[in-house]
Amino acid sequence: MEVIDGFPSTSGDEYPLNTTRFIEAAARNVPDREIVSGTGEDQFRYTYGEAYERMQRLANALEELGVEAGDRVGVLAWNDHRHYECYFGIPGTGAVFLQLNLRLHSDQLQYVLNHSEPRFLVVDESLLEVAEGVAHEVSSIEGFVVMTDNDLDEVETDLEPTFSYEDILTEAEPEYDWPYIDETSAYSACYTTGTTGRPKGVYYSHRNIYLHTMQLANSVGISHEDSVAQITPMFHGQGWGLAYAATYAGAKLAFPGRYQAENPEPLVDLIRDEDATVTNGAPAIFMPMLDYIRDLDDIPNWNDLQMMSGATEPPLDMMQGYKELTGAEIVHAYGATETTPLVTMNFIKPSLEEDLSEEEKLDMRRKQGLTVPGIEMKIVDPTTGEELPHDGESAGEILIRGPWVTSSYYDDDRTEHSFTDDGFWESGDAGVIDKEGYLKITDRIKDVIKSGGEWISSVDMENLLIEHPNVRDACVVGLEHPEWEERPFALVEVEDDFNREELDEILSQRFADWQLPDEIEFTDEIPKTSVGKNNKKVIREEYEGRYLD
C-alpha cells in the first residue's frame, strides 16, 4: 500500500487515540447512567461513575501486583460488570487485555496461554476448573485474580498464588492517572479458533479499537438515549465492540451474566426488563429466544429494538418471526476476529425503499450488507487474484483492508499466506457483491465448518479420525443445521465395524464436546475426485438434508 506525503497539517496528531477517553467521558457526562449485570436475585446495578472508580482501582491494583506496560493479563469471565471493568482497567495501564475463549478445548486454550505468555490470569470463580485444567502447564503465569463474592479462603482451588478481585480493588486507591499510551500499542488480544491447526493471535491496537468504536456507534446509530444489552460473548472480539459503542455514546448498559443458549429466559427477561433498544448475537442464540417468546402468554413489545445479527446468515423465518411477534428488527452484519469485527452492515438504501416489495426487502436484509466507511473490500478470483465485477453473480474470495483490520498474526508463520502484498486480509470466505454494493456470502474457500459462530477445522478432525488403526480414511463436512447453521458430519471408511465411542474418545483429545460431529456414518468407500481427493462437494450434496429432517 503506497502512502504519499501531502502538505503538513497543524493538527495535534501526536495526541494518541486511547480507549480510556471513552469511559472518562461517560463518567464525566453521564455519571448516573445505569449499568446492569445479571438477572434475577443475583442482579447487580451501578453507574458509569461507580464503574469508573472501580476501573481506576483495578489499574492501581494491577500495578501493585507488578503489572507493567506491555504485559499480558488474561481474563476468563462471563458477560458481567467485572469483565466490563477489565475492558478499561487492564489496557488503560498499557498492559494487554488477553481475551480467553472459555469454549476452547483445553489443548487450544493451553496453546493460547503459552503463546501469549500472560503474567496474570483474572478468572471468575465458576471458571476455576477451566483455568486449573491448563494453567499448570503455563510457566509465565505468576498469579490468579479470582472474581468472587465469597471470601478467598472459601474458594476451593489448587491454583496459587490467588488474589481476591474485590479485595485488591478495596485496598487500591480510587483515583488513577491514566498514562498516554502510544496508540499503535496493543490494547487487547483475541485468538481466532482458525481454519486449520493452532489458534492465531490478533492483537488490536488502541487506535484500532478507538476508530472501530466510533464507526460501530455511527453504523448502529447508538446515542445516550439507548439501552444496550451485550449478549455476544465478551471474550469474542470485544463482544463485537457493542459495549464500547455504548460507553462511547453514554447509553445504558445491560449484561446478562452467565447464560446458556438452551435457556433463553434470562436473555429475554433482560431485554424486556431493561427496555433494551440495541442488542447483538448469533442466530444460534436468537432462534431459541424466538422459540421461547412464541410460547409466552405476554409477548414483549420490542418495536424499538435493533438486534445486530452476525456469525451466520439469519434465517428468514427468524427475521419474520421477530418482526411479526415483537416488532424487533434483525440487522445483519459481517466481520471476523481479524476485522474487530465490523466490515459490513445491512440497511435498505433510501433509493431502494420505494422500489422493493416487503418480501424483497426481507430477502435483501439476509445479505451481509454494505461496506462501512473506513473499510476497503473487494472480491477476487482466488486463483489469479483478479478483481471481479459487482454484478451479483461473480463469486470470489473476499479481501479486506482498513484501520481496524489486522495486517499480521502475532508470532505466526501463517501470516505469509494470509495477506496480500498490498495489505489486504484474505478472509477465506467466498461471496458476490451486487450492483448496489451489497455483499452476499456464497461459500467458504477453505473446508471449515462454522457452527454457532465458532470455527471447527474439518482437516484437523479428519487427521485425528485417521489415527484410529481401523480407519482407512475420513471426510468431515459441515451440513446445514436449523439451529447452529452448520454442524460437523463425518464419513468414515473402516476396516472392521466398531462403535462411535472409540472415535469420540480420539476426537476429544483436541476437540470440545460441542465440536464433535452430530453424526458419524461408516462406509466402505468415500467418494473421490479425479485426482484422488475426498469429494466434499458430492458428500455435502448427498447428505445435505441429514440435519434438517
Label points 7 Å out from Cα along the Cβ direction at GLU542 and MET1: separation in nm?
4.5 nm
For the chain, what proportion of DSSP beta bridges, expressed in % and rounded to the nearest 5, is antiparallel?
55 percent
Please work out whether region 448-543 counts as rounded, prolate or oblate from its C-alpha gyration tensor, where a ≥ b ≥ c are the square roots of the eigenvalues and a/c under 1.5 means rounded, while otherwise a/b larger than b/c means prolate and anything else oblate?
oblate
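On a full-extension model of 0.36 nm per residue, what is the gain between PHE522 and SER394, subtracting their alpha-carbon distance, rounded to one decimal in nm?
Gain on stretching PHE522 to SER394: 42.4 nm.
Can you give the calculated 222 nm mean residue ellipticity of the chain, where each DSSP H run of n ≥ 4 adds -39,500 (n - 2.57) and the sum is split over every residue, rounded to the nearest 500 deg cm²/dmol?
Calculated mean residue ellipticity at 222 nm is -8000 deg cm²/dmol.
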Hey, can you list the DSSP H helices of the chain whose Cα span along the axis is 20 Å or longer and whose average Kyte-Doolittle score is at least -1.0?
48-65, 206-220
For a quick size check, give me the Cα extents of region 290-353 along its three principal axes, largest first, whole Å.
42, 31, 19
Coil-residue trypsin sites (Lys or Arg not before Pro) of region 464-544, DSSP, other Cβ within 10 Å capped at 15:
LYS533
Note on region 106-261: alpha-carbon gyration tensor, axes a ≥ b ≥ c; rule is a/c under 1.5 for rounded, else prolate if a/b larger than b/c, else oblate; result prolate
Can you tell me which of 93-101, 360-368 comes out highest on packing, and rank the rest after it, using the mean Cβ neighbours within 10 Å?
93-101, 360-368
Contour excess over end-to-end distance, with Cα ends at ASP549 and ASP107 and 0.36 nm allotted per residue
155.7 nm
Cα pair count fraction exceeding 17 Å, expressed as % - region 426-501:
56 percent
Evaluate the charge dipole of the chain about its Cα centre and quote only its size in Debye, nearest 20, assuming +1 on the Cβ of each Lys and Arg and -1 on the Cβ of each Asp and Glu.
1560 debye
Report, in whole Å, the centroid distance computed from the Cα atoms of region 245-276 and region 32-49.
11 Å
Sticking with the crude label model, points 7 Å out along Cα→Cβ, report the distance from LYS349 to ASP32 in nm, one decimal please.
4.5 nm
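Would you kindly state how much longer the chain becomes between GLN43 and GLU129 on full extension, computed as 0.36 nm times their sequence separation minus their alpha carbon distance, in nm to one decimal? Working shown, then result.
Details: separation 86, 0.36 × 86 = 30.96 nm, distance 2.38 nm.
Going from the current span to full extension adds 28.6 nm.
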GluC sites (Glu not before Pro) restricted to region 404-446 and DSSP loop, no more than 16 other C-beta within 10 Å:
GLU436
Across all Cα atoms of region 1-64, Rg and the largest Cα-Cα distance (Dmax), in Å, are 18.9, 61
Share of pairwise Cα separations in region 350-459, more than 22 Å, in percent:
41 percent
So how strong a dipole does region 364-444 carry about its Cα centre when Lys and Arg Cβ are +1 and Asp and Glu Cβ are -1, to the nearest 20 debye?
600 debye
Shape parameters for region 198-335, alpha-carbon atoms, Rg then Dmax in Å:
14.8, 47
Sparse-neighbourhood loop sites, GluC sites (Glu not before Pro) in region 1-56 - DSSP loop, at most 12 other Cβ within 10 angstrom:
GLU2, GLU14
7 Å from Cα along Cα→Cβ at both ASP149 and GLU359: what's the point-to-point distance in nm?
5.2 nm
For region 284-363 and region 206-240, distance of Cα centres in Å:
18 Å
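Read-outs: derived from the displayed coordinates by stated rules, not from any lab. In this text the structure is predicted, and so the values were computed from the model without any measurement. So basically every Cβ, Gly included, is an ideal-geometry build from the backbone, and we count neighbours across all protein chains shown.
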